[in-house]
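The values are calculated or read from the model by the stated rules, or taken from the named source; none is laboratory data. This one's a predicted model, so the numbers in the text were calculated from it and none came from an experiment. Positions of Cβ are generated from backbone atoms using ideal geometry, with glycine treated the same way; all protein chains shown enter the neighbour counts. Note: accessible area is taken over every heavy atom of the protein model, side chains too, but ligands, DNA and RNA are not part of it. Shrake-Rupley method; radii C 1.70, N 1.55, O 1.52, S 1.80 Å.
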Amino acid sequence: MPIETTASVVAEVPADAELLAVPYNPDLRPGVDLHLHVPVPDLLAHYDSKGEAGEIVEVPVARGGGVGRVLLYGVGDGSPRALRKSASALTRRVKGRDGLVVVLPEGDAAAFAEAALLAAYTFRIGAPGKRPVRELTFVTPDEQPVRRAQRVAEAVALARDLANMPSSTKNPAWLAERAAEQGVPVRVWDEEQLQAAGFGGILAVGQGSANPPRLIQLSYTPDEPTDRHVVLVGKGITFDSGGLSLKPTENMKTQKTDMAGGAVVIAVLGALAELGAPVRVTGLVAAAENMPSGTAQRPSDVITHYGGRTVEVLNTDAEGRLVLADALAYADAELHPDAVVDIATLTGAISVALGRNIGAVYASDDALAGQLIESGRDSDDRLWRMPLIDDYAPALESQVADLSNVEAGSTYGAGSITAALFLREFAGKRPWAHLDIAGVGRSTVDEGTLSKGATGFGVRVLLDWLTRR
Ligand code: BES
Ligand code: MN
Ligand code: ZN
């Protein structure tokens, strides 16, 4: 479900605000006169509060004959990072309440408002649970950053919703229907059309499932004319059982989110118009369900990708790269982009390397890598550059095909790097970047801007990058 909390913006603190949040800055003073009976510094000293981000001191106050509450919230050093922490702490504190009026702190209002809204995200199918705060009212003279933040948060929430949806509902055709709701033109290849066009990787991964695969293309064209064209490619595995190289239950039960990259692409394409992105963007989602069955592909099968390259499938659980290879080859051959960025929950190995908070970026182009890392820093979808180590390329040599999809032995290791090297073979000579979000695509905690389950990682960095001028 989308974020249930509504956001409104006012210029002045409403006189009857029952629940009012006010920032106190590093000298422990609120920006607004609250007519409290005890001076704020004394009050904070009493509660041993130092004004750190995430600290909240709740004070009862007289309000129109009754009792209201002021939440004095710390902002730490006032950096965007600290403000995100303050904002999400506030939203979490008022869970279940009707409304909170928030006087915005100094600094990055968009970062603050975005975090406040993201912290309200929940995904439920029928379960009651405690609802997030019904309404957040931001007090600020400038509405624009809050409205932009709200649109970005909605896109993140859509990506989370798509990835959190159980795979009993979410199959490739369902994903294509959701893509068609984004207000941009969509083209969908069904199984027959995939066959006719030679998308052998998407077909091979999908052939074991009762739910046939799809390739989904979304197209955004800005109002102002532009030559610049970016292609985004998302991994859209609606469930990854591993196929005949079956996963154990523990590893399998999180794999409904294996289309998180595709969800990001759909959500980003849906938000570009409202955010006024100045570039043409084509989104491709390579969607398939990876299942074991009598029609599934076998370890040792050789498949032919879009464009004619052959691959020996030594492990059917390395399926993401097979569907992405088709989409990357198609983008290179047919779409003539200035840059291609793919995003995928590709390897368990990347969460060993970078953990759950920082996503990986591989790139054939230093400028592109630099831009994405900068957007990642500013948008809070942080990225770390990983190396495409040419010495490891022999890992993917095959006796019988142009390439194999995994290393046959265990000479090279480096599972996330070799996966990226595989993709590079299909990306062509254009500037290309690959985001491995297997570590950051899911959260195991309800904390800060995250809730347990899908994170929507990638929406914020890509929207930041695509809307920069
Ligand atoms: N979807 C998985 C990667 C993954 C693992 C995502 C854990 C999120 C959490 C991917 O398709 C996969 O199975 N990768 C294999 C590759 C291996 C067979 C070379 C992996 O990481 O084990
Ligand atoms: Mn897999
Ligand atoms: Zn997968």
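Show me, for the stretch 298-312, the HN-Hα J-couplings you get by feeding each phi into the Karplus relation (A = 6.51, B = -1.76, C = 1.60, θ = phi - 60°), rounded to Hz, glycine and proline as x.
For the stretch 298-312, the Karplus-derived couplings read 10, x, 4, 4, 10, 10, 10, 7, 3, x, x, 5, 9, 9, 8 Hz, x marking Gly and Pro.
How much solvent-accessible surface does LEU104 expose, in Å² to the nearest 10, with a 1.4 Å probe and all protein chains in place?
20 Å²
Counting only heavy atoms of the protein chains, get the accessible area per residue of the stretch 232-348 (1.4 Å probe) and round it to a whole Å² value. Could the numbers behind the result be given before it?
On the way: 3290 Å² over 117 residues.
Accessible area per residue, the stretch 232-348: 28 Å².
Using only protein heavy atoms and a 1.4 Å probe, report how much of LYS452 is accessible, in Å² to the nearest 10.
In the full protein context, LYS452 sits at about 130 Å².
Using Cα pairs closer than 8 Å and at least 6 residues apart in sequence, work out the relative contact order for the stretch 371-451, in percent. Write out the running numbers ahead of the final one.
Details: 49 pairs, mean separation 15.5, N = 81.
Result for the stretch 371-451 is 19 percent.
Rounded to whole Å, give me the distance from the Cα center of the stretch 336-353 to that of the stretch 298-335.
15 Å
Pull out the extension gain between SER219 and SER8, defined as 0.36 nm times the separation in residues minus the alpha carbon to alpha carbon distance; nm, one decimal.
Details: separation 211, 0.36 × 211 = 75.96 nm, distance 3.10 nm.
72.9 nm is the gain from fully extending SER219 to SER8.
Residue farthest toward the positive end of the dipole of the chain, with Cβ of Lys/Arg at +1 and Asp/Glu at -1: which of ALA179, ILE343, THR282?
Farthest towards the positive pole: ALA179.
When we measure straight from the Cα of LYS85, which lysines land under 18 angstrom away, once same-chain ones fewer than 8 places off are left out?
Answer for LYS85, where 18 Å is the Cα cut-off: LYS50, LYS95, LYS452, listed by chain and number.
Can you list the residues of the stretch 71-87 with backbone N under 19 Å from a point 7 Å past the Cα of VAL445, pointing along Cα to Cβ?
Only 76, 81-87 fall inside the zone, counting backbone N under 19 Å.
Taking a 1.4 Å probe, which of THR254, THR449 shows the most accessible area, and what order do the others take after it? Numbers along the way, then the final one.
Details: THR254 45, THR449 20 Å².
Largest to smallest exposure gives the sequence THR254, THR449.
Using only Cα atoms, tell me the angle between helix 109-118 and the longest principal axis of the chain; keep it within 0 to 90° and round to the nearest 10.
The angle comes out at about 70 degrees.
With the full set of protein chains in place, find how many percent of the accessible area of the stretch 6-140 is carbon and sulfur; take the probe as 1.4 Å. Provide the component values of the computation, followed by the final result.
Working: 3330 of 6580 Å².
Answer for the stretch 6-140: carbon and sulfur cover 51 percent of the accessible area.
With every protein chain kept in the model, how would you rank THR226, THR282 by accessible area, 1.4 Å probe, largest at the top? Let's see the in-between values first.
On the way: THR226 50, THR282 5 Å².
Per-residue accessible area, sorted high to low, gives THR226, THR282.
Could you tell me whether the stretch 162-468 comes out rounded, prolate or oblate from its Cα gyration tensor? Rule is a ≥ b ≥ c as square roots of the eigenvalues, rounded for a/c under 1.5, then prolate if a/b exceeds b/c, otherwise oblate.
Verdict is rounded for the stretch 162-468.
From a point 7 Å beyond the Cα of ASP77 in the direction of its Cβ, which residues of the stretch 96-120 have a backbone N at a distance under 18 Å?
Answer for the stretch 96-120: 106-109, 111-112.
Students sometimes get this wrong: rank ARG97, ARG131, ARG430 by accessible area, probe 1.4 Å, all chains present, largest first.
Numbers: ARG97 100, ARG131 120, ARG430 60 Å².
Putting ARG97, ARG131, ARG430 in descending order of accessible area: ARG131, ARG97, ARG430.
According to a simple spin-label model (label point 7 Å from Cα along Cα-to-Cβ), what is the distance in nm between TRP384 and VAL61?
Simple spin-label model gives 4.4 nm for this pair.
Could you please report the charge total around ASP332, scoring K, R as +1 and D, E as -1 over all other residues with beta-carbon less than 13 angstrom from its beta-carbon?
Taking every Cβ under 13 Å from that of ASP332, the sum is -1.
Quick check: the distance between the Cα centres of the stretch 168-246 and the stretch 68-140, to the nearest angstrom?
Measuring centre to centre over Cα atoms gives 35 Å.
Rolling a 1.4 angstrom probe over the protein chains, ignoring ligands and nucleic acids, what is the accessible area of TRP174 in square angstrom, nearest 10?
40 Å²
Would you please give the residues with an amide H less than 5 Å from that of ARG63, counting only those at least 5 places away or on a separate chain, with H modeled from the backbone geometry?
The answer is GLY68.
Can you tell me, using C-alpha contacts under 8 Å and at least 6 residues apart, the relative contact order of the chain as a whole percent? Write down the numbers at each step before the final one.
On the way: 1156 pairs, mean separation 71.2, N = 469.
Relative contact order, the chain: 15 percent.
Can you list residues from other chains, or at least 5 along the same chain, whose modelled amide H is less than 5 Å from the amide H of TYR24?
TYR73, GLY74, VAL75
If I model a spin label at TYR47 and LYS452 as a point 7 Å from the Cα along the Cα→Cβ vector, what separation in nanometres do I get?
Placing both labels 7 Å along Cα→Cβ, they lie 2.8 nm apart.
Please compute the per residue accessible area over the stretch 6-140 with all protein chains in place, 1.4 Å probe, rounded to a whole number of Å². Walk me through the intermediate numbers first.
Numbers: 6580 Å² over 135 residues.
Each residue of the stretch 6-140 exposes 49 Å² on average to a 1.4 Å probe.
Could you give the accessible area per residue of the stretch 413-465, probe 1.4 Å, as a whole number in Å²? Please report the intermediate quantities before stating the final value.
On the way: 1480 Å² over 53 residues.
In whole numbers, the stretch 413-465 has 28 Å² accessible per residue.
Under 8 Å for C-alpha pairs, at least 6 residues apart: give me the relative contact order for the stretch 6-140, rounded to a whole percent. If you can, show how the numbers build up before the last one.
Details: 267 pairs, mean separation 42.3, N = 135.
31 percent.
Distance in nm between label sites at ASP338 and VAL400, each 7 Å beyond Cα in the beta-carbon direction?
About 4.5 nm, to one decimal.
In the stretch 266-320, what percent of the accessible surface is made up of carbon and sulfur (1.4 Å probe, ligands and nucleic acids excluded)? Walk me through the numbers on the way to the answer.
Numbers: 800 of 1680 Å².
Using a 1.4 Å probe with all protein chains present, the stretch 266-320 comes out at 48 percent carbon and sulfur.
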